[in-house]
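Note sheet for the following structure.
Readers should treat all values here as calculations from the given coordinates under stated rules, not as data from a laboratory. All of these numbers come straight from a predicted model, not from anything done at the bench. As a convention, Cβ positions derive from the backbone with ideal geometry for all residues, glycine included, and neighbour counts pool all protein chains shown.
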Amino acid sequence: MWTLTGVAVLAIGFALRLNPLLAIAAAVAASGLAAHLSPYAIVCAFGRAFNQNRFISIVFLVLPVIGLLERAGLQERARTLIGHVRVASAGRLLLLYMLLRQLTASVGLTSLGGHAQMVRPLIAPMAEAAAEKRMGALDDAVRAGIRAHAAAADNVGVFFGEDIFIAMGSILLIKGFLDQSGIVVQPIALSLWSIPTAIAAIVIHGARLLLFDARLARAQSASREAAHDHA
Amino acid sequence: MITLEPVYVFAGLVFAGFALFGLKDATNPRRYGNAAFWGLLAASFLAGSRLGDFANGLLALGLVLLGGFGLLGRGRAPASVLAERRTSAAKFGNRLLVPALIIPATALFGTLVLKNLRVGHTFLLDPNQVSIISLAIGVAVALGAAMFWLRPRWSAPLEEGRRLMDAIGWAAVLPQMLASLGAIFALAGVGRAVGALATEAIPLNAPLAAVSVYCIGMAVFTVIMGNAFAAFPVMTAAIGLPLLVHKFGGNPATVAAIGMLSGYCGTLVTPMAANFNIVPAALLELPDRNGVIKVQMPTACLLLAANTMLMYLLAFR
């Protein structure tokens, strides 16, 4: 059971709200020592893994483009655009984005979207503008809630759409694992059995997004009243 | 064949630019910390393939120490004035959207066209890395288009990129660090240990109980590891195949597909999946680091319940 020391260290680190980088380093040390690795071998193993995982941080390459466009008024332009759409509301807009994200992911286009490329520069400002149009100036908590929901719409859309595509990494991983265990399944069967959950995700998160507009209005009026009482 | 290496060099140069411009930011009291942090990351991207494991390990440790002990700060960089941005937005209009949309459009082009392009007998792009290489190409094209239309100072992209990068701060390396931790966990055999624990602790004599343990186990194990891919082989070898498929006769495709998606419910609620949950919170400047997770929690719980029911109803027909 010593193997699990690293997991425990990490959980304790997160629970104590330690800086996550330090918690990770402690968990690496604990796991490595529990596996009877020397400190030198632990540093080597971590260095090798860190180097092999560099592709994960490539996404920050988009920041110079996004920053440049933001300075030239990209977010403001996105706001203006959504201001022209009469039926737009934050919840409906995010629902539409989630459906598009899920649909494109289901045909393998998982890179159409993402937090740095789409959510921060376009989707979140549009959702905020749609809410502002209905409720006037937003207070900070409401604004943060809308932004968090914009990120969530992206995640839910891509997570529960991508497995419908037969060449997706997770489908290939499942197939590879089942093959090794002597069970042959066709990738298309795995894709098809991903559809019920995809529909459930649309129903559950979609319903939450449609209720989100009403919740926003309540939160906004509640905080207005609180501000009023305060004054 | 174009591999990830030139993309890493491109990223390394951009991070080096962030480090240099960070050094010049006199409004940031900890500017040396920022410059050292982005400089180390730049070194990793520029030279990581030649440094060797131990040097890479020390480099990662340096990032942990700089970020972990709060040696990074933020300058009072004058974020462009709202009025100026409004004027500029009115001036450029929808043309502003074009460079932003070039990036996903190039991703689309890469997946549909470049992926299958061959020069002689080899692929033009490494087929396993098409999406990342396309992202880098898209960034280069979008940057060229934006510079051409907007005619800003030549240093503007790096200055503005650095402003956003500093807003994210050390959280930027969290996804890469957590993925590396996952590799250490795998080395130490954490997966096998958890699988053993899950099967020993719980009596599984009825299909519904076994389905519940499998689905919830996938989610919980994903929360721990931050990645459903790490949880899937362990939980499926421990419960999915021996009990659900072999003992109760469930359809393996149904069990495996819905099992994986149960793991994704865990991804929605774990800070370990930092690139989906923590980095966006920083990127969107949320006051709460767990703001995105809190919003996703109800969906994750309801969807996990739905997955459990779906597997029970669909796998044993």
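Assorted remarks:
- Put simply, chain A fits an ellipsoid with semi-axes of 38, 26, 19 Å; these come from the alpha carbon gyration tensor as the roots of five times its eigenvalues, largest first.
- Pairs of Cα atoms farther than 37 Å apart, chain B, %: 31
- Eligible lysines near B:K294 by straight Cα distance, threshold 27 Å, same-chain separation 8 or greater: A:K133
- Of the DSSP H helices in chain B, those with a Cα length along their own long axis of 27 Å or more and a mean Kyte-Doolittle hydropathy reaching -1.0 comprise B:4-23, B:31-51, B:130-150, B:291-315.
- Cβ charges +1 (Lys, Arg) and -1 (Asp, Glu), total dipole of segment B:4-174, debye: 600
- Computed over chain B with a Gaussian network model linking Cα atoms closer than 10 Å, the most mobile of B:K115, B:K91, B:K294 is B:K91.
- Calculated from the alpha-carbon coordinates, segment B:108-226 shows an Rg and a Dmax of 23.1, 70 Å respectively.
- Projecting the Cα atoms of B:W170, B:G263, A:G32 onto the dipole axis of the protein assembly as shown, where Lys and Arg carry +1 and Asp and Glu carry -1 at the beta carbon, places B:W170 farthest toward the positive end.
- P(r) weight above 19 Å for segment B:45-158, C-alpha pairs, percent: 69
- Semi-axis lengths, Å, segment A:145-231, gyration tensor of Cα atoms, sqrt of 5 times eigenvalues: 44, 12, 8
- Rounded to the nearest 20, the Cβ-based charge dipole of chain B about its Cα centre (Lys and Arg +1, Asp and Glu -1) stands at 700 debye.
- Across segment A:165-174, coupling constants 3J(HN,Hα) worked out from phi with the 6.51/-1.76/1.60 Karplus curve, θ = phi - 60°, read 7, 6, 9, 6, x, 5, 5, 5, 5, 4 Hz, and Gly and Pro carry x.
- Descending semi-axes in Å of the protein assembly as shown, equivalent ellipsoid built from Cα gyration tensor: 36, 29, 24
- Amide H contacts of B:I2 (H built 1.01 Å from N, under 5 Å, at least 5 apart or other chain): B:L125, B:D126
- Computed over neighbours whose Cβ is under 15 Å from that of B:R162, the net charge equals +3, Lys and Arg +1, Asp and Glu -1.
- Charge tally around A:L173: other residues with Cβ under 14 Å, Lys/Arg +1 each, Asp/Glu -1 each, net -2.
- Once the Kirkwood radius over Cα pairs is known for segment B:189-315, the Stokes-Einstein relation at 37 °C and 0.692 mPa s delivers a diffusion coefficient of 222 µm²/s.
- Chain A: relative contact order as a whole-number percent, Cα under 8 Å and 6+ apart: 18
- What you get for the protein assembly as shown, charging only the Cβ of Lys and Arg (+1) and of Asp and Glu (-1), is a dipole of about 960 debye around the Cα centre.
- Computed [θ] at 222 nm, deg cm²/dmol, chain A (DSSP H ≥ 4; -39,500 (n - 2.57); rounded to nearest 500): -23500 deg cm²/dmol
- Per-residue Cβ neighbour rank within 10 angstrom, fewest leading, A:L96, B:L41, A:L190: A:L96, A:L190, B:L41
- Selected from A:L211, A:A150, A:S191, residue furthest toward positive end of dipole (segment A:104-231; charges at beta carbon): A:L211
- P(r) histogram, all alpha-carbon pairs of segment A:2-52 included - 10 Å bins from 0, percent: 29, 49, 22
- Whichever lysines have a C-alpha closer than 25 Å to that of A:K175, once near sequence neighbours (fewer than 8 apart) are set aside: B:K115, B:K247
- Rounded Å value of the spacing that divides the Cα centres of segment A:7-37 and segment A:175-231: 31
- Neighbour counts of C-beta atoms inside 10 Å place A:H36, A:H149 in the sequence A:H36, A:H149, starting with the fewest.
- Part-to-part distance (alpha-carbon centres) for segment B:1-39 and segment B:106-180, which is given in Å: 15
- Neighbour counts of C-beta atoms inside 10 Å place A:I58, A:I202 in the sequence A:I202, A:I58, starting with the fewest.
- GNM result for chain A, Cα springs below 10 Å: residue of A:V184, A:V43, A:V142 fluctuating most strongly: A:V43
- Histogrammed with a bin width of 10 Å, the alpha carbon distances of segment A:16-114 distribute as 11, 21, 26, 21, 15, 5, 1 percent, first bin at zero.
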